[in-house]
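A short worksheet on the structure shown next.
Every number in this text was worked out from the coordinates using simple rules, so none of it is lab data. Predicted model only: the values in this text are computed from it and were never measured. We place every Cβ from the backbone using ideal geometry, glycine too, and count neighbours over all the protein chains shown.
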């Protein structure tokens, strides 16, 4: 049975109907999945159902066997952690350490257990040195790490990161990449909501594209990217190096690794030097 | 003709120790399309604020050096006096959206310019079409997604028809296809109408083919200024946090492997034709 199971989910906001119009989606533990699509497609509305921030109006969302209508957000926070697009929406405390304690307040831990958990997460994310700093005094990338940490202290099985690379430069992205890879390696599911196609293809195995409240495509990334129309309809642009390979591999691109090193090998095969 | 000249600009925000900009000099000519990029904290947004005089008039702090825009020294020009000629799109659209509907938002600028009603209507229609947000006309800006808000913010500035456009990461939250369309539109506006355009961005993929000049900022100083060909061939860009487009990275990688690549590809088509000839 999938860890998260969404069936025929519909959702409307007061002034905007059809934010979601019949979404079906299953997510297993240990998956790394990217949800992509145009602005207003319903990506954030969908994932906010996974941790109970939104409850289905029609249809069902089942998380770890429980109907999300019947459990509280606090209960679900042990299953699914949601990191907001803008870290400022979720950072409230004077120091990073206190921020992390906030998440644990609703749980029955001894002081020692709390301290141990916080230490562990700060070390895991490499942000111990920020423990006594004010979240607002950190850079965008550092704040993003703190926002992830504040969710991770609850040790969720599924981590949703909403547009995590926004406003991050290349070096900060690299650090975020290491963190997500590590958390995925621990057996967690990572759900990445993003416009960053390179980042999505570098990390996820499965890609879901959305448009106007519906899922357009859902499958292994190599299948999804090769289906031209679906990618375009979802307001996306294929990774640059995929577009380049299309010029050389007319029968379809058979790789899903669009890193510079990998594509270099592919291109060399197509040059005279490579053939000789 | 120079439309923006920055000389020895050093600036420190109030209540901070380290300066955000350190001895920056930059000249921008009429009609140029200039990309300013750099890692977070490099000073991109601060530099934009200085161009419009928001620094020092709004933000305070300590500034030395001079910024002259369209002949006005910002030290003795209030930013509001520049509003008709210099349009700025802020990084966070929530910072500039004020009206209860998208239509009113777009009318706000032209109304303040004192334009007649029919001209205002014309400009609203035009701006909605240009950014392709006709269907958002009657929605409240506050209930839109952040990417949609960003499109509204861009449209609101375009309705003013400024001579100089300053855009601070204008497409950061916009889905890739729309972002490319907006960049292409800005390029057309620049090439056809001659609007001087200054843009800061992290995502360079679709921009490098259009811009005349790239300015790389690194921790408050200008690291290098030059044409895309000059700037992008440097090995060190990745190390200072610049997201060099992958086709350019690939070409640089091939150069190192001994392939002869005379000019760097800035579009997919250029890359395909260069690599095919090898």
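Taking B:147, B:239, B:53 in turn, the Gaussian network model of chain B (Cα-Cα springs below 10 Å) assigns the largest fluctuation to B:239. Look at the stretch B:241-248: the mean tally of other chain Cβ atoms within 10 Å of its residues' Cβ atoms is 5.
Computed over the alpha-carbon pairs of the protein assembly as shown, the distance histogram in 20 Å steps reads 20, 53, 27, 1 percent, short to long. Inter-chain neighbour count for B:145-153: the average number of beta-carbon atoms from partner chains within 10 Å of each residue's beta-carbon is 3. Quick check on chain B: take the gyration tensor over C-alpha atoms, sort the square-rooted eigenvalues as a ≥ b ≥ c, and tell me if it's rounded (a/c under 1.5), prolate or oblate. Since a/c reaches 1.5 but b/c is at least a/b, the shape of chain B is classed as oblate. Here the gap between residue A:92 and residue A:18, fully extended at 0.36 nm per residue and compared with their Cα-Cα distance, gives a gain of 23.4 nm. Between helix B:117-131 and chain B there is an angle of about 30 degrees, using the helix long axis and the longest principal axis of the Cα atoms.
Seen through its C-alpha gyration tensor, with square-root eigenvalues sorted a ≥ b ≥ c, the range A:127-276 comes out prolate because a/c lies at 1.5 or above while a/b is bigger than b/c. Taking 0.36 nm per residue of separation and subtracting the Cα-Cα distance, full extension of the segment from residue B:98 to residue B:269 would add 57.4 nm. For the range A:93-154, averaging the sequence separation of C-alpha pairs within contact (under 8 Å, six or more residues apart) and dividing by the residue count gives a relative contact order of 52 percent. Considering only B:210, B:33, B:58, the mean-square fluctuation computed in a Gaussian network model of chain B, springs between alpha carbons under 10 angstrom, is largest for B:58. Evaluated at 10 °C with a viscosity of 1.306 mPa s, what Stokes-Einstein diffusion coefficient in µm²/s does the range B:97-161 have when Rh comes from the Kirkwood expression over alpha-carbon pairs? Value of D from the Cα-based Kirkwood radius: 141 µm²/s. Separation of the range B:169-233 and the range A:39-70, taken as the distance between their Cα centroids, equals 38 angstrom. Based on C-alpha pairs under 8 angstrom that are at least 6 apart in sequence, chain A has a relative contact order of 23 percent.
Between residue B:235 and residue B:143, the modelled labels are 5.6 nm apart [label points 7 Å from Cα along Cα→Cβ].
A Förster radius of 45 Å, combined with the Cβ-Cβ distance separating residue B:2 from residue A:131, puts the computed FRET efficiency at roughly 0.35.
For the pair the range A:134-160 and the range B:81-158, the centres of their Cα atoms are 34 angstrom apart. Against the main long axis of the alpha-carbon atoms of chain B, helix B:176-193 sits at an angle near 80°. Within the listed set A:61, A:153, A:263, the residue fluctuating most in the Gaussian network model of chain A (springs between alpha-carbon atoms under 10 angstrom) is A:263. On the beta carbon distance between residue A:186 and residue A:254, with R0 = 25 Å, the FRET formula returns roughly 0.20. Counting Cβ atoms of other protein chains within 10 Å of each Cβ in A:232-238 and taking the mean gives 4. For residue B:64 and residue A:265, FRET efficiency with R0 = 56 Å and r from the beta-carbon atoms, rounded to 0.05? That pair, residue A:265 with residue B:64, gives E of 0.60.
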